[in-house]
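The values are calculated or read from the model by the stated rules, or taken from the named source; none is laboratory data. Note that the coordinates shown come from a computational prediction; the quantities given were computed from them, not determined experimentally. Cβ placement follows ideal geometry from the backbone for every residue including glycine, while neighbour counts extend to all protein chains displayed. Accessible surface areas use protein heavy atoms only, side chains included; no ligands, DNA or RNA. Shrake-Rupley method; radii C 1.70, N 1.55, O 1.52, S 1.80 Å.
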Amino acid sequence: MYDVTRAIPMIPDKKLIRLRFEQAAATYEQHATVQHRVAARLLALLEEMAPALQPQQALEIGCCTGLLTQRILERYPSLTHLSISELVAAFEDCVCRKIGPQAAKMTFIAGDVESVRLPTCYDLIISSSTLHWVHDLPALCAKLHRHVQPDGILAFSLYGKENLWEIRSATGVGLVYRTLDQLLHVVAERFEILRAEEAKETLWYSDPLAVLKHLRATGVNSIGQQAWTRRQVSDFIQHYQEQFGGDQGVCLTYHPMFVVARPRP
């Protein structure tokens, strides 16, 4: 249907992202299979590369419904305070329900992490499946460098060049993703890389409409506002089935990338 190499790069629309994730709040965790795995792998890499880390102050960027938040609090009982920077204000209630009494340790900072004021410096800044949505990653890295302790850690995951490439092929639009080398070039300006890796996750669905339902249920359908015509839906289904169908159904690729780093002086 489209040449994926000529897909139109989309600048993330923060208002649309907020809306789509608000709409997906009730269904996110049930359908966020890859995001669960990515959060677990990120925390495992952090434990491997900084086994002695006992943070007292931490910042999580992009908590969504709290699937990483809960793990952070369980893993680090040393935490006296956890700040959460989250674009979607409605997720505060989700997180509070998930972590229960430990919500007393939390400060929820509603708004765009690229522009909100961060109140202090942190021993740990962590983010899972979020930073591919930012507009200016180099500027954000500079900001985070100012807010991490000299002996602190930055650990994050986001998605890379081949993420959801089937959708770009079928629709002709998609986010601008980096390769791992491109990502590390940005981060290394401010941080020493302790560990970096990437992976591929392939999910299978019964048909192309099930793929669209998955994207809607996880809020990932945040790159276009216009409703499709019947012809566009029909063309999408035909192209997707022909190009990405197999014995297991139709596939969808996720391309998570992971970085654990410490600030340069």
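Considering the chain as a Gaussian network with a 10 Å cut-off on Cα pairs, which listed residue, ASP181, ASP247, ASP112, attains the greatest mean-square fluctuation?
Greatest mean-square fluctuation among the candidates belongs to ASP247.
Quick one: compute the contact order of the chain, relative version, from alpha carbon pairs under 8 angstrom and 6+ residues apart, as a percent.
Over the chain, the number comes to 28 percent.
Answer rounded, prolate or oblate for the range 1-102, using the Cα gyration tensor with square roots of eigenvalues a ≥ b ≥ c: rounded when a/c is under 1.5, else prolate when a/b is larger than b/c, else oblate.
Here the range 1-102 falls in the prolate category.
Summarise the accessible area of the chain (1.4 Å probe, protein heavy atoms) by the percent that is carbon and sulfur.
Here it works out to 50 percent.
Report the relative contact order of the range 174-265, percent, no decimals, based on alpha-carbon pairs under 8 angstrom and at least 6 residues apart.
Across the range 174-265, relative contact order equals 54 percent.
Among the trypsin sites (Lys or Arg not before Pro) in the range 146-234, which ones are in a DSSP loop with at most 16 other Cβ atoms within 10 Å of the Cβ? Mind listing them?
LYS161, LYS200
Between THR202 and MET49, take the C-beta separation as r, use R0 = 22 Å, and let me know the FRET efficiency to the nearest 0.05.
Efficiency computed from Cβ-Cβ geometry: 0.25.
At 37 °C and a viscosity of 0.692 mPa s, what translational diffusion coefficient does Stokes-Einstein give for the chain, taking Rh as the Kirkwood radius over Cα pairs? Give it in µm²/s as a whole number.
In µm²/s, the coefficient rounds to 172.
Mind checking the angle between helix 33-49 and the chain's longest principal axis? C-alpha axes, 0 to 90 degrees, to the nearest 10.
Tilt of helix 33-49: around 30 degrees.
Length gain on complete extension for the stretch CYS121 to ALA90, per 0.36 nm per residue less the alpha carbon to alpha carbon distance?
8.6 nm
Can you give me the accessible area per residue for the chain, using a 1.4 Å probe, in Å²?
47 Å²
Return the single residue from GLU48, GLU114, GLU162 with maximal mean-square fluctuation; model: Gaussian network over the chain, springs between Cα atoms under 10 Å.
GLU48
What percent do you get for the relative contact order of the range 100-163 when only Cα pairs under 8 Å and 6+ apart count?
Relative contact order comes out at 41 percent.
Cut-off 10 angstrom, C-alpha nodes, Gaussian network model of the chain. Which of GLY246, GLY219, GLY66 fluctuates the most?
Comparing GLY246, GLY219, GLY66 in a Gaussian network model of the chain, the most mobile one is GLY246.
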